[in-house]
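Here the structure is laid out as structure tokens; the discussion comes afterwards.
The values are calculated or read from the model by the stated rules, or taken from the named source; none is laboratory data. From a predicted model like this one, the values you see are computed outputs, not experimental measurements. Here the Cβ positions follow ideal geometry from the backbone for every residue, glycine too, while neighbour counts run over all protein chains shown. To get the accessible areas, we keep the full protein, side chains included, count just its heavy atoms, and leave off ligands, DNA and RNA. Shrake-Rupley method; radii C 1.70, N 1.55, O 1.52, S 1.80 Å.
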Amino acid sequence: MPSLTEWKVPFAFQPRPNDYSFDLDRALSAVVGLHAIIPPDAFSAETLGTERAGNGVVIDDGLVLTIGYLITEAESVWLHLNDGRVVEGHVLGFDFASGFGLVQALGALDIEPLPLGSSAATKVGDHVVVGGAGGRSRSVASEIIAKQEFAGYWEYLLDEAIFTHPAHPNWGGTAMISSKGELIGIGSLQLERERESKSEHVNMIVPIDLLKPVLDDLRKFGRVNKPARPWLGMYSTEIDDRVVVIGVSNNGPAARAELKAGDVILGVNGDKVTGQTDFYRKLWALGAAGVDVPLTVHHEGVTFDVTLASTDRAKLLKSPRLH
């Protein structure tokens, strides 16, 4: 069992207990390290790797909330506690829409859970702590710099993601903690933005309010108990308000339809596509996974129509709990 690498956040960026009205060290003790091993033949192994490490947050007795890509298709999960103990975990569930993942500890954690707050109540300028496993030296005193729509290239869309700066260097599964000492988001990505002609790193945080409607389903069924969204297995980006294919998943609907990098998606079911978020919304409005998806595509001067047979992406994953 490899240990998680030793590192520290620069002292100037670490949170200081006197700056907060809650017990900072107690709150940060709910953040644990997470280490997942994924089989080499897993669907996500090529893009996400076979060994993934990040953070998770204890939100109930033995229940750890994390970002789902860390545990997708994991055959084993280990939780590294701040007192040096390592406890095995079991992947409980994953929600593709929000990106949240749940792990159930298989041994006693003896950790006080972090209470859930309201991400909707947050505003730009709020001071927050982005907490990593290991306490203050692995955490960042940060600030909410934006709340806005976020589209991911992997068929992912948040109506209102939260962005923080300074960025946490080990962002996956970190706890965004409010001034009340409550969990208001989970770290997902690190992105770059231009500010005053300089490039700076920010964290994209998934708001905790997205967890509340799906938590019971994830605990009971391992996924949200409603029809899945249609999935095309297409990686795309937006360039000058055009949706451009940058890659396709092996064995996915887009690959079977022979779509290729460089293709431009002009329309869905005859409706013009005006950008990436518009593309996703038009795609998902067609119905549940399995629905036919008529696309209008432009490639090297030629415009053509093609119909993709969408699927539920969970069917391609190895974990039996997500089928």
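If I ask for residues that are under 16 Å from Ile59 (Cα atoms) and not small (Gly, Ala, Ser), which ones from the stretch 165-204 would you list?
Selection gives Thr174, Met176, Ile177, Lys180, Glu182, Leu183, Ile184, Ile186.
Go through the stretch 98-152 and tell me which strands (runs of 3 or more DSSP E), entirely inside it, have 3 or more residues that are open to solvent by 10 Å² or more (accessible area, probe 1.4 Å) and either hydrophobic (A, V, I, L, M, F, W, C) or out of contact with any Leu (no Cβ under 6 Å at 6 or more places or on another chain) (or both).
Once the strands (runs of 3 or more DSSP E) in the stretch 98-152 are filtered for at least 3 residues that are open to solvent by 10 Å² or more (accessible area, probe 1.4 Å) and either hydrophobic (A, V, I, L, M, F, W, C) or out of contact with any Leu (no Cβ under 6 Å at 6 or more places or on another chain) (or both), what remains is 140-152.
Does the stretch 35-54 include one or more residues that are touching a Phe, Trp or Tyr at 6+ places or on another chain (Cβ under 7 Å), within 20 Å of His168 (Cβ to Cβ) and not small (Gly, Ala, Ser)?
Yes, the conditions are met somewhere in the stretch 35-54.
Taking the residues in the stretch 12-24 that are open to solvent by 80 Å² or more (accessible area, probe 1.4 Å) and touching a residue at least 60 places away in the same chain (Cβ under 8 Å) as candidates, determine which candidate is farthest from Pro115 (Cα to Cα).
In this case the residue turns out to be Phe13.
Quickly run through the stretch 207-216 and pick out the residues that are touching a residue at least 24 places away in the same chain (Cβ under 8 Å) and of a type in the set (Asp, Glu).
Of everything in the stretch 207-216, just one residue is touching a residue at least 24 places away in the same chain (Cβ under 8 Å) and of a type in the set (Asp, Glu), namely Asp209.
Could you tell me whether Val244 is modelled with pLDDT of 95 or more, open to solvent by less than 10 Å² (accessible area, probe 1.4 Å), closer than 25 Å to Leu316 by Cβ and assigned to a strand (DSSP E or B)?
no
Residues being of a type outside the set (Gly, Ala, Ser) and buried (at least 19 other Cβ atoms within 10 Å of the Cβ): count how many of those fall in the stretch 153-180.
Qualifying residue count for the region: 12.
Tell me, please, whether a residue that is closer than 18 Å to Pro15 by Cα, open to solvent by 10 Å² or more (accessible area, probe 1.4 Å), touching a residue at least 60 places away in the same chain (Cβ under 8 Å) and not polar (S, T, N, Q) can be found in the stretch 187-206.
Scanning the stretch 187-206 turns up no residue that is closer than 18 Å to Pro15 by Cα, open to solvent by 10 Å² or more (accessible area, probe 1.4 Å), touching a residue at least 60 places away in the same chain (Cβ under 8 Å) and not polar (S, T, N, Q).
Tally the residues that are assigned to a loop (DSSP other than H, G, I, E, B) and open to solvent by 10 Å² or more (accessible area, probe 1.4 Å), restricting the search to the stretch 207-231.
Total meeting the criteria: 10.
Only one of these is surrounded by 16 or more Cβ atoms within 10 Å (Cβ to Cβ), without any contact (Cβ under 8 Å) to a residue 40 or more places away in the chain and either not small (Gly, Ala, Ser) or not in a helix (DSSP H, G or I) (or both): Val58, Val87. Name it.
Of Val58, Val87, the one residue that is surrounded by 16 or more Cβ atoms within 10 Å (Cβ to Cβ), without any contact (Cβ under 8 Å) to a residue 40 or more places away in the chain and either not small (Gly, Ala, Ser) or not in a helix (DSSP H, G or I) (or both) is Val87.
Within the stretch 276-284, is even one residue within 28 Å of Thr72 (Cβ to Cβ), β-branched (Val, Ile, Thr) and part of a helix (DSSP H, G or I)?
Among the residues of the stretch 276-284, at least one is within 28 Å of Thr72 (Cβ to Cβ), β-branched (Val, Ile, Thr) and part of a helix (DSSP H, G or I), which makes the answer yes.
With Val31, Val91, Val77 as the choices, which residue is of a type in the set (A, V, I, L, M), over 20 Å from Pro207 (Cα atoms) and more than 16 Å from the chain's Cα centre (by Cα)?
Just a single option satisfies the conditions, and that option is Val77.
Can you confirm whether Leu183 is in contact (Cβ under 8 Å) with a residue 60 or more places away in the chain, of a type outside the set (Asp, Glu), open to solvent by 10 Å² or more (accessible area, probe 1.4 Å) and in contact with a helix residue (DSSP H, G or I) (Cβ under 7 Å, 6 or more places away or on another chain)?
no
Of the residues that sit in the stretch 273-307 and are of a type in the set (Gly, Ala, Ser) and open to solvent by less than 70 Å² (accessible area, probe 1.4 Å), which one is nearest to Val243 (Cα to Cα)?
Gly275
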